[in-house]
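Remarks on the structure that follows.
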Amino acid sequence: MSPQEVLNYLQAQPFRPFRIRMNSGRTFDIRHPEMVRVGRRDLLIFTFVSESPGVYDRWENVALLLIESLSPLEAPVA
């Protein structure tokens, strides 16, 4: 996965939540563009304490080479 492919999802207007699927099968649901920082070789994925993206609880470092796919999250059915 290239940094630009991730940036395309993060910078989409309007932003649409998406899922990062790793080669291991692990997934990360990205619901705010502030949840991800893109590097040349990796991503920092932040988990927030509340709905406010100003305070994060923890972070994960994810190698771009290990990302299998990015896909939009489906809208919840009411």
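For the reader, a short list of remarks on this structure follows.
- Sub-6 Å Cβ pairs linking a first residue in segment 17-32 that is closer than 14 Å to Ala63 by Cβ and among the basic types (Lys, Arg) to a second residue that is open to solvent by 30 Å² or more (accessible area, probe 1.4 Å) and in a strand (DSSP E or B), at least 6 apart or interchain, are Arg21/Thr27; Arg21/Glu68; Arg21/Ser69, ordered by first then second residue.
- Within segment 4-37, the residues that satisfy the criterion of being over 12 Å from Leu70 (Cβ atoms) and within 13 Å of the chain's Cα centre (by Cα) are Gln11, Phe15, Arg26, Arg31, His32, Pro33, Glu34, Met35, Arg37.
- Members of segment 59-74 that are within 16 Å of Leu43 (Cβ to Cβ) and more than 14 Å from the chain's Cα centre (by Cα): Leu65
- Only residues that are at pLDDT below 95, surrounded by fewer than 11 Cβ atoms within 10 Å (Cβ to Cβ) and under 20 Å from Ser2 (Cβ atoms) were counted in segment 25-55, giving 0.
- When the test is whether a residue is assigned to a helix (DSSP H, G or I), open to solvent by 40 Å² or more (accessible area, probe 1.4 Å) and at pLDDT 95 or above, Asn8 passes it.
The values are calculated or read from the model by the stated rules, or taken from the named source; none is laboratory data. Please read all numbers here as calculations on a predicted model, not as lab measurements. Quick reminder, even Gly has a Cβ in these numbers, built from the backbone with ideal geometry, and neighbours come from all protein chains shown. Surface areas here come from the heavy atoms of the whole protein model, side chains and all, with no ligands, DNA or RNA. Shrake-Rupley method; radii C 1.70, N 1.55, O 1.52, S 1.80 Å.
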